[in-house]
Amino acid sequence: MPDPSPLTRFFLQLAERRKLLQSQDGRAFATGGEDNELISAEALFDDLRAGAADLQVWLEMQGRSEDASEIDDATASLRETIWKFDHDELQPYLGPDERDDVLSETDQLIEALDEAIGRLEDLDGEIPDDVWRGYDDA
Amino acid sequence: MRSSFAESLRAIPAPGARRDGRPMIDGERWDRLLAAEAEMVVNLEIMGYSGLAQRIDRKFSRFCQAVTQNSGGESSGAAAAFEQDDSLTELKHLVEATGRRLGADPEPKEASQREVEDEDELPPALTANQIIVMRTMARFDPSQLLSAARIEEAIDPSRRISVRTIGDVVRRLHELGYAERPEGDRRGARLTTRGRRILRKIAD
């Protein structure tokens, strides 16, 4: 089985954060470090922003600007939701279907993660493996 | 080691450290930032990374527009504040990533070297030792200058090459334009962008 591509590894990392959020139901932001300090959503995802930037740079270097743009676009909504989460700009709301539960702030963050993961997964399927040759060399 | 542009960006206070919703960027700092950005973008264009240059330039334009919108002295709306914070953070990460991949201050090569560097150029007939040394050097950050001893330490133990041989190899790579000694003959070497590109063409 071939090694996962850097893009696969990236959206799997997003999936891990999703699992963390879901399992702790928002408490991920209530505890952190030795003294249970409040940590921000931005802090939780900052390393992944660096990863997304590196993927974009690599794809641009390979002449694949559209793919680089798709990574940027795919993570844009997530970045905005993260910012709103940290700045108390998210409000719980009722889903479009009358049978839906109220979507908490954490639910909205998970929803944004799901959207990003889905788009990145689709993109990964369209990029040939040889585009990533040498990515991990430097 | 960070590029001039990366350093200028890092000098901008992080989101949340501002007063009245405005970043504390004085006129002189703005001038340095604009000059550093222009230099990086032009160099990337000359190096053939037009897409990357345009990406960085678009992010920077977005940041500048957001700062202009927020600079009216009144408290900014959430959308405007997000634009400023997000565009700055994205720009920092993009420039840092570019520095890691292409060196702290990517610079175009001399015209004669660029003429030789045709995309259809066949990989050269490198010796096994040259390939081993190049692969070892490629594992280090482009900003690091490596001595022959340092390269020798990092080479896979199953493929031992003497320090003296490594020195000869690095000299030959330098002649081929695949390695450089940016701080003189006694300060270590690193692969050039061309060297890294040629390495990628070499089949395993």
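Filtering the range B:146-204 to residues that are polar (S, T, N, Q) and either within 14 Å of another protein chain (Cβ to nearest Cβ) or in contact with a helix residue (DSSP H, G or I) (Cβ under 7 Å, 6 or more places away or on another chain) (or both) leaves B:T165, B:T192, B:T193. With respect to the conditions (1) at the interface with another protein chain (Cβ under 10 Å from one of its Cβ atoms); (2) at pLDDT below 85; (3) touching a Lys or Arg at 6+ places or on another chain (Cβ under 8 Å), A:L44 lacks only one, and its number is (1). Are any residues in the range B:129-154 within 16 Å of B:L199 (Cα to Cα) and within 21 Å of the chain's Cα centre (by Cα), and if so, which ones? Once the filter is applied, which keeps residues that are within 16 Å of B:L199 (Cα to Cα) and within 21 Å of the chain's Cα centre (by Cα), the range B:129-154 yields B:M134, B:R135, B:T136, B:M137, B:A138, B:R139, B:F140, B:D141, B:P142. Listed conditions (1) of a type in the set (S, T, Y); (2) crowded, with 20+ Cβ neighbours inside 10 Å; (3) away from chain B (no Cβ under 14 Å) are all met by A:T75, apart from (3). Among the residues making up the range A:82-96, those that are facing chain B (nearest Cβ under 10 Å) and at negative phi are A:I82, A:W83, A:K84, A:D86, A:H87, A:E89.
From the residues in the range B:86-120 that are touching a Pro at 6+ places or on another chain (Cβ under 9 Å) and either modelled with pLDDT under 90 or among the β-branched types (V, I, T) (or both), which one is surrounded by the fewest Cβ atoms within 10 Å (Cβ to Cβ)? Filtering first and then ranking leaves B:R114.
Within the set B:G73, B:G77, the sole residue that is surrounded by fewer than 20 Cβ atoms within 10 Å (Cβ to Cβ), more than 19 Å from A:E42 (Cα to Cα) and modelled with pLDDT of 70 or more turns out to be B:G77.
Restrict the check to the range B:51-70 and report whether at least one residue is surrounded by fewer than 14 Cβ atoms within 10 Å (Cβ to Cβ) and either at pLDDT below 90 or of a type in the set (S, T, Y) (or both). Yes - at least one qualifying residue is present in the range B:51-70. Screening the range B:50-76 for residues that are at the interface with chain A (Cβ under 10 Å from one of its Cβ atoms) and out of contact with any Gly (no Cβ under 9 Å at 6 or more places or on another chain) and picking the one that is nearest to B:A6 (Cα to Cα) gives B:I56.
Quick check, is A:W83 surrounded by 14 or more Cβ atoms within 10 Å (Cβ to Cβ) and at pLDDT 95 or above? For A:W83, the condition - surrounded by 14 or more Cβ atoms within 10 Å (Cβ to Cβ) and at pLDDT 95 or above - is not met. Note on the range A:52-70: residues that are in a helix (DSSP H, G or I), more than 9 Å from chain B (Cβ to nearest Cβ) and closer than 27 Å to B:R194 by Cα amount to 2.
Matching residues to (1) acidic (D, E); (2) under 15 Å from the mean Cα position of the chain (by Cα); (3) more than 14 Å from chain B (Cβ to nearest Cβ):
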site: A:R79; (1), (2), (3): no, yes, no
site: A:S104; (1), (2), (3): no, no, yes
site: A:D129; (1), (2), (3): yes, no, no
site: A:R133; (1), (2), (3): no, no, no
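The values are calculated or read from the model by the stated rules, or taken from the named source; none is laboratory data. Only a predicted model underlies this, so the values are computations on that prediction, with no experimental measurement involved. Methodologically, a virtual Cβ is constructed for each residue, glycine included, from the backbone with ideal geometry; neighbour enumeration extends over all protein chains shown.
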